[in-house]
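Chemist: Below are the structure tokens for one structure; questions will follow.
The values are calculated or read from the model by the stated rules, or taken from the named source; none is laboratory data. These numbers were taken from a predicted model, which means no experiment stands behind them. Here the Cβ positions follow ideal geometry from the backbone for every residue, glycine too, while neighbour counts run over all protein chains shown. Side chains included, ligands, DNA and RNA excluded: accessible areas come from the protein's heavy atoms. Shrake-Rupley method; radii C 1.70, N 1.55, O 1.52, S 1.80 Å.
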Amino acid sequence: GAVVSQHPSRVICKSGTSVKIECRSLDFQATTMFWYRQFPKKSLMLMATSNEGSKATYEQGVEKDKFLINHASLTLSTLTVTSAHPEDSSFYICSARAQFGGSEQYFGPGTRLTVT
Amino acid sequence: DAKTTQPTSMDCAEGRAANLPCNHSTISGNEYVYWYRQIHSQGPQYIIHGLKNNETNEMASLIITEDRKSSTLILPHATLRDTAVYYCIVRVAGIQGAQKLVFGQGTRLTINP
């Protein structure tokens, strides 16, 4: 099946610094990738949709200048949390939809971000 | 956007069939029903999806009522590894045609030995 990886799996950073999370589709090309965040015992919340070669579309209430998304190739999207604060601590998950084939989305394993 | 309603939690004995219900009474004619599950601290895993016919794959079966207002995911022989949160999602058409998935609260399924 389709595989999506994320790196890093865990990251701890200090308040005020920026953190970059990578999402890669390993065995398929993804025209569209999605970024979610999930707080403990809560459901996934969609943050933004990114299409290869164009600007990301952010959900209402998500600050685009704080959560920078780049989808420069068909296999890589990055999420940069800028000037991170403790309230940004969360589980960040990406998903990718294949360029060809069905409409299923394949999810990465997630990245646990802790801001101290 | 059609919303879904699922029980908050369910228990099932190992080896028995687990039947997870989902209500989606406002579903539109061209909207699909998707099921994903999320094992603790992992990314969601796709299970199955369907439009109006019943579907079966190696993981599960999906039964959709004739009026499409509800569906049931069936895990025929549940194992301890099936313990997870199961999400029933109706696919929406997002901005620029990207069809995003909107997750509800899901059903926390616990398989007991």
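Chemist: Here is a list of conditions, (1) at pLDDT 95 or above; (2) under 15 Å from A:Ser18 (Cβ atoms), and A:Pro109 meets all of them except one; can you say which number that is?
Modeler: Every condition holds for A:Pro109 apart from (2).
Chemist: So if I check each of B:Leu75, B:Leu80, which one is in contact with a helix residue (DSSP H, G or I) (Cβ under 6 Å, 6 or more places away or on another chain) and either of a type in the set (Phe, Trp, Tyr) or touching a residue at least 24 places away in the same chain (Cβ under 8 Å) (or both)? Let's see the steps before the verdict.
Modeler: Numbers: B:Leu80 fails: in contact with a helix residue (DSSP H, G or I) (Cβ under 6 Å, 6 or more places away or on another chain).
Going through B:Leu75, B:Leu80 in turn, the sole match is B:Leu75.
Chemist: Mind checking which residues of region A:5-50 are within 13 Å of chain B (Cβ to nearest Cβ), of a type in the set (Gly, Ala, Ser) and not in a strand (DSSP E or B)?
Modeler: A:Ser9, A:Ser43
Chemist: Can you give me the number of residues within region B:18-46 that are at the interface with chain A (Cβ under 10 Å from one of its Cβ atoms), open to solvent by less than 30 Å² (accessible area, probe 1.4 Å) and over 28 Å from A:Thr111 (Cβ atoms)? I'd like the intermediate steps shown before the answer.
Modeler: The first filter runs over region B:18-46 and keeps only residues at the interface with chain A (Cβ under 10 Å from one of its Cβ atoms), leaving B:32, B:34, B:36, B:38, B:41-46.
Adding the requirement that they be open to solvent by less than 30 Å² (accessible area, probe 1.4 Å) leaves B:34, B:36, B:38, B:43-44.
Now narrow it down to the ones that are over 28 Å from A:Thr111 (Cβ atoms): none.
Residues in region B:18-46 being at the interface with chain A (Cβ under 10 Å from one of its Cβ atoms), open to solvent by less than 30 Å² (accessible area, probe 1.4 Å) and over 28 Å from A:Thr111 (Cβ atoms): 0 in total.
Chemist: Restricting to region B:57-72, count the residues that are open to solvent by 60 Å² or more (accessible area, probe 1.4 Å) and in contact (Cβ under 8 Å) with a residue 24 or more places away in the chain. Steps first, answer last, please.
Modeler: Restricting attention to region B:57-72, the residues satisfying the condition of being open to solvent by 60 Å² or more (accessible area, probe 1.4 Å) are B:58, B:63, B:66-67, B:69.
Adding the requirement that they be in contact (Cβ under 8 Å) with a residue 24 or more places away in the chain leaves B:69.
Matching residues across region B:57-72 total 1.
Chemist: Considering only region B:80-101, I want to know if a residue exists there that is more than 14 Å from chain A (Cβ to nearest Cβ), out of contact with any strand residue (DSSP E or B) (no Cβ under 6 Å at 6 or more places or on another chain), more than 29 Å from A:Pro8 (Cα to Cα) and of a type outside the set (Phe, Trp, Tyr). Don't jump to the end; show me each part of the working.
Modeler: Filtering region B:80-101 down to residues more than 14 Å from chain A (Cβ to nearest Cβ) leaves B:80-83.
Adding the requirement that they be out of contact with any strand residue (DSSP E or B) (no Cβ under 6 Å at 6 or more places or on another chain) leaves B:81.
Next, only the ones that are more than 29 Å from A:Pro8 (Cα to Cα) stay: none.
Checked region B:80-101: no residue is more than 14 Å from chain A (Cβ to nearest Cβ), out of contact with any strand residue (DSSP E or B) (no Cβ under 6 Å at 6 or more places or on another chain), more than 29 Å from A:Pro8 (Cα to Cα) and of a type outside the set (Phe, Trp, Tyr).
Chemist: Confirm whether B:Ile89 is open to solvent by 10 Å² or more (accessible area, probe 1.4 Å) and in a strand (DSSP E or B). It would help to see each step written out before you state the result.
Modeler: Working: open to solvent by 10 Å² or more (accessible area, probe 1.4 Å): no; in a strand (DSSP E or B): yes.
In short, no.
Chemist: Can I ask one more? With the requirement that a residue be away from chain B (no Cβ under 12 Å), among the polar types (S, T, N, Q) and in a loop (DSSP other than H, G, I, E, B), what does region A:51-93 give you? Walk me through how you get there before you give the answer.
Modeler: So in region A:51-93, the residues away from chain B (no Cβ under 12 Å) come out as A:53, A:61-70, A:72-90.
Cutting the leftovers down to among the polar types (S, T, N, Q) gives us A:70, A:73, A:75, A:77-78, A:80, A:82-83, A:89-90.
Once the filter is applied, which keeps residues that are away from chain B (no Cβ under 12 Å), among the polar types (S, T, N, Q) and in a loop (DSSP other than H, G, I, E, B), region A:51-93 yields A:Thr75, A:Thr82, A:Ser83, A:Ser89.
Chemist: Mind listing whichever residues of region B:2-17 are open to solvent by 70 Å² or more (accessible area, probe 1.4 Å) and within 14 Å of chain A (Cβ to nearest Cβ)?
Modeler: Going through region B:2-17, the residues open to solvent by 70 Å² or more (accessible area, probe 1.4 Å) turn out to be B:3, B:5, B:8-9, B:11, B:14, B:16.
Answer for region B:2-17, where residues must be open to solvent by 70 Å² or more (accessible area, probe 1.4 Å) and within 14 Å of chain A (Cβ to nearest Cβ): B:Lys3, B:Thr5, B:Thr8, B:Ser9.
Chemist: How many residues does region B:9-52 hold that are assigned to a loop (DSSP other than H, G, I, E, B), touching a strand residue (DSSP E or B) at 6+ places or on another chain (Cβ under 7 Å) and in contact (Cβ under 8 Å) with a residue 60 or more places away in the chain? Write out each step before concluding.
Modeler: First, pick out the residues of region B:9-52 that are assigned to a loop (DSSP other than H, G, I, E, B): B:14-17, B:24-32, B:39-44, B:51-52.
Add one more test, that the residue is touching a strand residue (DSSP E or B) at 6+ places or on another chain (Cβ under 7 Å), and what stays is B:14, B:17, B:24, B:27, B:31-32, B:39, B:43-44, B:52.
When the remaining residues are screened for being in contact (Cβ under 8 Å) with a residue 60 or more places away in the chain, the result is B:14, B:17, B:24, B:27, B:31.
Number of matching residues: 5.
So that you can scan it fast, the table gives a plain yes or no per residue for (1) open to solvent by less than 50 Å² (accessible area, probe 1.4 Å); (2) hydrophobic (A, V, I, L, M, F, W, C); (3) under 19 Å from A:Asp27 (Cβ atoms):
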position: A:Glu59; (1), (2), (3): yes, no, no
position: A:Glu63; (1), (2), (3): no, no, no
position: A:Ser73; (1), (2), (3): yes, no, yes
position: A:His85; (1), (2), (3): no, no, no
position: A:Phe91; (1), (2), (3): yes, yes, no
position: A:Gln105; (1), (2), (3): yes, no, yes
position: A:Thr114; (1), (2), (3): no, no, no
